[in-house]
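All of the numbers you see were taken from the coordinates with simple rules; none came from a lab. A quick note: this is a predicted structure, and the numbers were derived from the prediction, not measured. Here the Cβ is made from the backbone with ideal geometry for all residues, glycine too, and neighbour counts use every protein chain on show.
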Amino acid sequence: MTADPTGMSRPIGVAFLVILLLTLVVPAASSAAAPSPQTGSAIVFQRSFDIMYWDSFNGLRRVDRGDEPAVFSNGRYVTYQRRGGAGCGKVIVRDMRTNRELSLPGIETGACVTDPQLSGDGHYVVFSSHSKVAGDPTALYLYDTVAKRMLNLPAPVQSGSTEDRPSLSDDGRILSFVSGRNTSPSTTSSSPT
Amino acid sequence: MSLLPAPGLPTAGAQSHAVMSGNGTLIAFETGIFIERQVQLYSRGQSRMLSAPALSSGLDSYDPSPTPNGSALLLTKQLKDLGDRSNYRFELGSGSLVRLGALKSTLSDEQPSIAEPVELVDRTAPIVKLRCKAAGGRQLRCTIRASERSTARVR
């Protein structure tokens, strides 16, 4: 690309630069205002004490301080546990498009929570925590992010033994978890209501 | 609500950190003790454990997380000394195991989780650089470099 200044070379060169930058910046600014979605991958992971989020278009960014991150199947929502002052984990669900935490009223169990996972449709969050039943070390809990309430997960999910590491299928109908019970291996089919 | 049978899933020994793929076909979990953990794969569709020798390489393999369709798996591996922990991707079809280069750092990375394919919104502003040199006489020779493909008008 060449220019053909008619006066002194330096001032005209500067003017040329300003015009060109403005012309280039305008389309970029307008495309940022109305970004179009594209297909790619999203990965969330833990780096030291931080939750990191990477996607194939925007690269890597730090999300928050926390542990045990999991990304929901559409890549938009991330769940993790954030430790409070007493070292107890609290379930966080964050919308990565708005970078805001979702309000989850009533999700507290009164104890530390671990292993939060989202169903693929983002409707449910499942996690483990201390059981409210005497003699039962840990139990699984299910929270409806739409109705904003805890759902009951009775037997055969809870067994009086340890239950942890829950994982939901995309449609929220199948729950897998690790149990300390003495029985044959299985997953659980559930229709949370 | 009922328990589903999982024939072919061994019950001997401790199993931990089970994660199911979004479509429910694959369950990945850990066995073994700290520093000697291994990732095991169970196919619900085939009702059997899947062989994946590549997952056993290195000192420690843990934190498995299947892709939503169960065709691949992310996991953390410690290949050599302490602190050298990175996230890898394992393809069930080809058996390939590759380090996630885009995430590479000198810090320890763990607990990966993946969503794909996903619709992403490109929020990174493009970088456009203009460099001009005197080309002799009254002419300038300019080069424009952009960090991504875009269209623009030049006047």
statement: The size of the Cβ-based charge dipole (Lys, Arg +1; Asp, Glu -1) of the range A:66-183 about the Cα centre, to the nearest 20 debye, is 260 debye
- request: State, to one decimal in nm, how far the label point of residue B:69 lies from the label point of residue A:50, with both points 7 Å from Cα in the Cβ direction.
  value: 3.3 nm
- prompt: Tell me which lysines have Cα within less than 24 Å of residue A:90's Cα, excluding those fewer than 8 residues away on the same chain?
  reply: A:132, A:148
message: What is the sum of charges, Lys and Arg at +1 and Asp and Glu at -1, for the other residues whose Cβ falls under 10 Å from the Cβ of residue A:83?
response: +2
- prompt: Net charge near residue A:48, counting Lys/Arg +1 and Asp/Glu -1 over other residues with Cβ under 13 Å of its Cβ?
  reply: -1
message: For residue B:129, give me every one of the lysines with a C-alpha distance below 28 angstrom, ignoring sequence neighbours fewer than eight places off in its own chain.
response: B:104
query: At a Förster radius of 51 Å, what calculated FRET efficiency corresponds to the Cβ-Cβ distance of residue B:84 and residue B:134, to the nearest 0.05?
result: 0.50
- prompt: R0 = 41 Å: FRET efficiency of residue B:16 with residue B:143, Cβ-based, nearest 0.05?
  reply: 0.15
- prompt: Where the only charges are on Cβ atoms (+1 Lys, Arg; -1 Asp, Glu), what is the dipole of the range B:15-103 about its Cα centre, to the nearest 20 debye?
  reply: 180 debye
query: In which sequence would B:106, B:31, B:11 go, from the one with the fewest C-beta neighbours within 10 Å to the one with the most?
result: B:106, B:11, B:31
- line: Interchain or sequence-distant (5+) residues whose placed amide H lies within less than 5 Å of the amide H of residue A:64 are A:51
query: Taking neighbour counts of Cβ atoms within 10 Å as a proxy for exposure, in what order, fewest first, do B:16, A:176 appear?
result: B:16, A:176
message: Using amide H atoms built in the peptide plane, which far-off residues or other-chain residues are under 5 Å from residue A:83 H to H?
response: A:67, A:90
message: Per-residue Cβ counts within 10 Å, from other chains only, averaged over B:130-137: what number is that?
response: 3
- prompt: Looking only at the range B:104-124, which residues have a backbone nitrogen under 18 Å from a spot 7 Å from the Cα of residue A:95 in the C-beta direction?
  reply: B:119-123
- line: Amide H proximity to residue A:131 below 5 Å, modelled H, separation 5+ or other chain, gives A:138, A:139
